[in-house]
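Chemist: Sharing a structure below in structure tokens format, with a few things to ask.
Where a number appears in this text, it was derived from the coordinates with a stated rule and is not lab data. A quick note: this is a predicted structure, and the numbers were derived from the prediction, not measured. Here Cβ is always computed from backbone atoms with ideal geometry, including for glycine, and neighbour counts include all displayed protein chains.
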Amino acid sequence: MLKKQEKTGQLSFYTTFEELLDHHHPLYILSNQIHWKLFEETFRKHYTENFGRPAIPIRRMVALLMVKHIRNL
């Protein structure tokens, strides 16, 4: 009889990050209901591609502000 393999916590090469998330979590559901293109088009004028380091993606910045507001941080 073979010994049961222990879970090492290592991700498989074929597993995507989205598969690891809880699809019933309220923030996951909210993120799929938001029209992200609207935010990107609205905030695009505040970003430039000419100077400095690459900008942080608009979706990430908006999502962080929303979580900050939702969690009252």
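Chemist: Starting from the Cα of L30, move 7 Å in the Cα-to-Cβ direction to define the label point; list residues of region 50-73 whose amide nitrogen is under 11 Å from there.
Modeler: Only 63-73 pass the distance filter.
Chemist: Residue farthest toward the positive end of the dipole of region 11-73, with Cβ of Lys/Arg at +1 and Asp/Glu at -1: which of I34, Y47, I58?
Modeler: Y47
Chemist: Further, regarding this structure: Net charge near L65: determine it from the other residues with C-beta under 12 Å of the C-beta of L65, scoring Lys and Arg +1 and Asp and Glu -1.
Modeler: Working: positive: R59, R60, K68, R71; negative: none.
Residues close to L65 contribute a combined charge of +4.
Chemist: Further, regarding this structure: Could you derive backbone 3J(HN,Hα) for region 59-73 from the dihedral phi with the Karplus parameters 6.51, -1.76 and 1.60 (θ = phi - 60°), listing whole Hz in sequence and x where the residue is Gly or Pro?
Modeler: Working through the residues one at a time gives 4, 5, 5, 5, 4, 5, 5, 5, 5, 4, 5, 5, 8, 6, 8 Hz.
Chemist: Please give the peptides 34-40, 13-19 ranked by average Cβ packing (other Cβ atoms within 10 Å per residue), highest first, as a rough proxy for protection.
Modeler: The peptides rank, most packed first, as 34-40, 13-19.
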